[in-house]
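Each reported figure results from applying straightforward, stated rules to the coordinates on display, with no laboratory input. Only a predicted model underlies this, so the values are computations on that prediction, with no experimental measurement involved. Here the Cβ is made from the backbone with ideal geometry for all residues, glycine too, and neighbour counts use every protein chain on show.
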């Protein structure tokens with residue numbers, strides 16, 4: 001049941017609920033951990049459901065949640081949302097479910113589409129059933145700009161109904177949006193699908209381009225450039241995405257919406273690398289390769305709907321966000337080196 005008590009919210013120009021109880025699936029991940037911190041800082045209760053998928057090391061996710069663990073309003077449940085019986089242990093009177101958990105990666109989805117279908121579609125359906133049976137009236141779903149595929153008309157708008165996904169991962173996100181419409185129509189669950197555009201920042205997954213390239217540059221290895229470097233992405237800083245998620249959780253005007261969360265300023269691959277070089281104060285050695293299957297040549301968000309419905313306005317410029325990311329990455333490297341030294345001294349390596 002949604003908390004009907006209200007208080008003024010100057011940043012939205014309207015009203016938001018008093019402290020709420022959120023279920024955040026995938027809350028130990030990159031975006032999820034930032035969201036959890038933001039919600040806890042505002043006095044909300046947060047339950048995280050995460051299976052610590054071995055796609056990248058568990059220790060990264062444990063560090064993501066380091067500042068959340070001491071908070072008495074925080075709870076972590078390690079469970080797999082693909083298993084309906086495991087989802088049952090999550091049952092509680094939540095005010096909002098934010099569904100961020102997903103099997104990630106365009107290229108890996110091409111080599112193993114079944115796993116992506118199971119994790120991303122069945123997992124979404126299981127959480128929608130949880131919302132239905134637990135009386136959760138607000139459901140925020142992490143979709144992706146990849147649903148637009150190779151749409152040549154830019155910037156991409158939500159009313160572009162002809163979606164042409166070019167990877168199994170993208171198709172699972174389309175399926176998630178459609179499942180949400182079904183449950184919204186049949187059971188009155190408010191379903192807000194947010195199409196994220198190339199999120200970056202501190203804690204970024206190690207397989208994503210910016211972090212992967214940064215580590216290669218720091219280690220003096222070649223940076224792979226697929227294509228001629230002209231492909232572009234609408235990079236969006238993680239704090240701006242978190243602000244959009246929070247606004248979507250507070251949204252009440254309609255039962256079903258699909259909304260872009262981007263930055264409206266596509267950055268070419270070569271421009272991204274150059275910005276990263278400046279932030280790292282180190283030159284990259286580039287190694288050119290053919291274009292990879294499943295990669296869209298460009299992503300570009302029209303965010304007029306997000307501005308109108310969520311008062312969403314991205315604030316972090318790409319160069320500023322990259323400086324913040326590099327500052328975090330250097331600290332992360334220092335911590336990892338220090339942990340390695342301590343382990344060696346203790347004879348545990």
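Over region 180-267, what is the percentage of antiparallel beta bridges among all DSSP beta bridges, to the nearest 5? About 10 percent, rounded to the nearest 5. Considering only 287, 78, 332, the mean-square fluctuation computed in a Gaussian network model of the chain, springs between alpha carbons under 10 angstrom, is largest for 287.
Shown for 127, 65, 216: other C-beta atoms within 10 Å of each C-beta, ranked fewest to most, produce the order 216, 65, 127. Treating r as the C-beta distance of residue 218 and residue 309 and R0 as 45 Å, the FRET efficiency rounds to 0.65. Hydrodynamic estimate: the Kirkwood radius of region 185-322 over Cα pairs, inserted into Stokes-Einstein at 25 °C and 0.890 mPa s, corresponds to D of 150 µm²/s. Percentage of Cα-Cα pair distances in region 244-289 greater than 15 Å, rounded to whole percent? For region 244-289, the share of Cα pairs beyond 15 Å comes to 64 percent. Neighbour counting of Cβ atoms within 10 Å sorts the residues 240, 295, 112, fewest neighbours leading, into 112, 295, 240. When only Cα pairs below 8 angstrom with a gap of at least 6 residues are kept, the chain shows a relative contact order of 16 percent. Return the label of the correct value of Cα Rg over 2.2 N^0.38 Å, as calculated from the structure shown, out of (i) 1.10; (ii) 0.98; (iii) 0.88. Read-out taken from this structure: (ii). Would you please classify the overall shape of region 175-254 from the alpha carbon gyration tensor, given that a ≥ b ≥ c denote the square roots of the eigenvalues, rounded means a/c under 1.5, and beyond that prolate means a/b larger than b/c while oblate covers the rest? It is prolate, given that a/c is not under 1.5 and a/b is the larger ratio. Expressed in units of 2.2 N^0.38 Å, where N is the residue count, the Cα radius of gyration of region 208-277 is 1.48.
Specify whether the C-alpha gyration tensor of region 257-341 places it in the rounded, prolate or oblate class, a ≥ b ≥ c being the square roots of the eigenvalues: rounded for a/c under 1.5, otherwise prolate if a/b is larger than b/c and oblate if not. Here region 257-341 falls in the oblate category.
When the chain is treated as a Gaussian network with alpha carbon springs shorter than 10 Å, the biggest mean-square fluctuation among 51, 64, 161 belongs to 161. For the chain, the share of DSSP beta bridges that are antiparallel, to the nearest 5, is 15%. A helix-only calculation puts the chain at -12000 deg cm²/dmol for mean residue ellipticity at 222 nm, using -39500 (n - 2.57) for each DSSP H run of at least four residues, averaged over all residues. Would you mind pulling out the separation of the Cα centroids of region 284-314 and region 50-98, in Å? Taking the Cα centre of region 50-98 as reference, the centre of region 284-314 is 28 Å away. Antiparallel versus total DSSP beta bridges in region 180-333: what percent is that, nearest 5? Expressed as a percentage, antiparallel bridges in region 180-333 total about 10.
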